[in-house]
Amino acid sequence: MSTTAPRATLTARTPAASVVSTTAAAVRLEQVNKRFTAAGPAILEGIDLTIAPGEFVCLIGASGCGKSTLLNIVAGLEPATSGHVQVAGDGAALMFQESALLPWLTARRNVELALRLRGVPRGERRDRADELLELVHLKGAGGKAVHELSGGMRQRVALARCLAQERDVLLMDEPFGALDAITRDLLHDELERIWLGTGRTIVFITHNVREAVRLGQRVLLMSSRPGRIVREWAVEVHGERRIEAPEVATLAVEITDHLREEIRRHAV
Amino acid sequence: MPSEALASPADARSLESGLDALQTAPVGSTRRGRRTFWTVAAPLLALALLIAGWQLFVSAGIKPAYIVPSPLDVLHEAGAAWGRGDIQRAVATSLERGVIGFGVAALIATPIGILVARVRWVRMSFGPLITGLQVLPSVAWVPAAILWFGLTDATAYFVILMGAIPSIINGLVAGVDQVPPLFRRVGAVLGAGPLELVRHIILPAALPGYVAGLKQGWAFSWRSLMAAEIIAVGGKIGFGLGSMLQQGREVQDMSVVFVAIAGILTVGILVELLVFAPLERGLLRRRGLAAETAR
């Protein structure tokens, strides 16, 4: 038996109980509502959410519950119908489920484009891009075309491109959903290492409850139609946690039960 | 229990580089050489078969030789025309017109194409007109062009432009329309302004469609030019392949007609093989879309 004790415990909290100082928030949503048409159904309803700088928050919910819409609103890609959205600094970086790398550019050029659009002078771009690629352990792959990279490598380049934007807040929309299990577990380690190393605030969407418990400090559960944040758990972590760890499984079971309950409410 | 032992960072690192190596395609394909051989040999074989069939038809004596000359007759005539310098002169004249006309067409069509693709009211008002122009055979412009410009090179250039410009515009517009919305979102997330979006995302993404439009534009240029040269002979207009074809008809020399047709076809095929095919293949291969790179 290994000497390390159980490392993760969880506490359920009601959403209102989250106390974060308002001035220091990295992301703050107040009573955010979203409808695609004025007469249409509410996609998001009364979302109140405060995320502290450097926090790692996972957002889970059934497909179609509006998680991606919420992320798009925080990213500034879509307007909220009503309510207040505030993001620290000049906005957030967003990483998609597909790597969304531009196929006519090499891995390095993809990262350089983000630097260029941010106004980094030409002379510094290449070195900076190489540094970022090294951070995601892709030092030698800078000259490779996108189609020469595996799915996991593409997501790491996409992560490097997000980091190149130098935004405090990093939004991730099911970024590892299309990867095989071994690659995904590895990328969890990578992401955690980069999060701890860079101090970024991360909002991570997933429908994989174990993944949420593996990564998040806080796990938020969203209901569907309308999308609301109905419950949240704080994951107290001491030391390392792996996705196979029994503590992670225990938490995941409890959260999954609540998720199923939410889905069942829509049964006819 | 060993299964519960946590992986050290070094373990994770080597696992990762192992995965990267396994999931990346090995460099170089052993079948490349064979494939290159057949891409050359197969069309040549087809051509030989076609000529053999032609010779059989002639040998059967179904039609007299002045109606259907034999492959050898045509070859003799081609040799004679080459000796007189007719072929070189005609090809040079036509090719020069075709290339200049096509280049000007591309210069005019590209900015118009970007406007049609990106500006809603331009597309709504001019889009249908441009699509319609593509359907109109450019030969229809020849009489008008002769009345406007007389028997001069301007007539040939005008017809080329009217043939090629709509094709190039339509190719570019189709290319822009097919840019995946995800790429536009990437541009927005990376903070690209409207012009940067066009320059860094939309145009590079639309490049394959644009090149397809250019290729079709060239084909239309070449056809339009031949039509113009056949109809508008004499005056100050130079002697091109189309003129040669028309001359063959006037003196009723079927061999000259065949030589001219073969010349027009050969130039068309060579431009496709030497210019557009490598351009398209390079473009697709770099994006991982060519057949050779499929895993």
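The values are calculated or read from the model by the stated rules, or taken from the named source; none is laboratory data. Computed from a predicted model, the values in this text were never measured in an experiment. Note that each Cβ is placed from the backbone with ideal geometry, even for glycine, and that neighbours are counted across all protein chains shown. What goes into the accessible areas is simple: the full protein's heavy atoms, side chains included, and nothing from ligands, DNA or RNA. Shrake-Rupley method; radii C 1.70, N 1.55, O 1.52, S 1.80 Å.
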Segment B:18-162 - percent of accessible surface contributed by carbon and sulfur, probe 1.4 Å:
75
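If you average 1/r over every pair of different alpha-carbon atoms in segment A:98-166 and take one over that average, what Kirkwood value in Å do you get? Present the calculation step by step, with values, prior to reporting the outcome.
Details: mean 1/r = 0.0876 Å⁻¹.
Its Kirkwood hydrodynamic radius stands at 11.4 Å.
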Is there a simple number for the mean count of other chain Cβ atoms within 10 Å of the Cβ of residues in B:202-214, and what is it?
1
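Using just the Cα positions, wrap chain B in a convex hull and report its mean projected area in square nanometres, one decimal place. Show your work: numbers first, answer last.
On the way: hull surface 99.6 nm².
Dividing the Cα hull surface by four gives the mean projection, 24.9 nm².
Explain nothing, just the number: dipole magnitude of the protein assembly as shown about its Cα centre with +1 on each Lys and Arg Cβ and -1 on each Asp and Glu Cβ, in debye rounded to the nearest 20. Display every interim value, and only then the final one.
On the way: 58 positive and 50 negative charges, 152 e Å.
Around 720 debye, computed over the protein assembly as shown.
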Under 1.5 on a/c is rounded, so check that first for segment B:62-163, then, if it is not, pick prolate when a/b is larger than b/c and oblate when it is not; a ≥ b ≥ c are the square roots of the alpha carbon gyration tensor eigenvalues.
prolate
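How crowded by other chains is B:181-193, given as the mean number of beta carbons from other chains within 10 Å of each beta carbon? Don't jump to the answer; show the numbers that get you there.
Values: counts 0, 5, 4, 0, 6, 12, 3, 4, 18, 14, 10, 4, 1.
Counting other chains' Cβ atoms within 10 Å and averaging over B:181-193 gives 6.
Mind ordering B:166-178, A:27-39 by average Cβ neighbours within 10 Å, highest first? Can you show the working numbers first?
Working: B:166-178: 22.4, A:27-39: 15.2.
Peptide ranking by packing, descending: B:166-178, A:27-39.
If packing is taken as the mean number of other Cβ atoms within 10 Å per residue, what is the order of A:203-209, B:75-81, highest first? Intermediate results must be reported in sequence, preceding the final value.
Details: A:203-209: 22.3, B:75-81: 16.6.
Top of the packing list down: A:203-209, B:75-81.
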For the protein assembly as shown, what's the radius of gyration and Dmax over Cα atoms, in angstrom?
32.5, 102
Mark the label point 7 Å from the Cα of A:Gln31 along Cα→Cβ and return the residues of segment A:67-91 whose backbone N is within less than 18 Å of it.
A:80-86
Which of B:Ala52, B:Ala21, B:Ala262 moves the most in a Gaussian network model of chain B with Cα springs under 10 Å?
B:Ala21
Once the principal axes of the Cα atoms of chain A are found, what is the range along each, listed largest first in whole angstroms?
58, 55, 39
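Pull out the extension gain between B:Leu289 and B:Lys236, defined as 0.36 nm times the separation in residues minus the alpha carbon to alpha carbon distance; nm, one decimal. All intermediate terms of the calculation are to be shown ahead of the outcome.
Working: separation 53, 0.36 × 53 = 19.08 nm, distance 4.78 nm.
Length gained, B:Leu289 through B:Lys236: 14.3 nm.
Which order do the peptides B:219-226, A:188-195 take when ranked by the mean count of other beta-carbon atoms within 10 Å per residue, highest first? Let's see the in-between values first.
Working: B:219-226: 24.8, A:188-195: 19.0.
Going from most to least packed, we get B:219-226, A:188-195.
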At R0 = 25 Å the Cβ-Cβ FRET efficiency linking A:Leu196 and A:Arg126, nearest 0.05, sits at 0.40
Roughly what % of DSSP beta bridges within chain A run antiparallel, to the nearest 5?
55
Which of B:Phe37, B:Phe57, B:Phe158 moves most in a GNM of chain B, Cα contacts under 10 Å?
B:Phe37
Take the alpha-carbon centre of segment B:204-254, take the same for segment A:47-75, and report the distance between them in whole Å.
61
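Over chain A, what relative contact order in percent results from Cα pairs under 8 Å that are six or more residues apart? Present the calculation step by step, with values, prior to reporting the outcome.
On the way: 508 pairs, mean separation 78.9, N = 268.
So the answer I get is 29 percent.
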Leading residue at positive end of dipole, the protein assembly as shown (Cβ point charges), from B:Val233, B:Leu49, B:Val104:
B:Val233
At R0 = 30 Å, how high is the FRET efficiency between A:Glu166 and A:Glu254 if r is their beta carbon distance? Nearest 0.05 is fine.
0.20
Taking every residue of A:125-138, the Cβ atoms of other protein chains inside 10 Å of its Cβ average out to 1
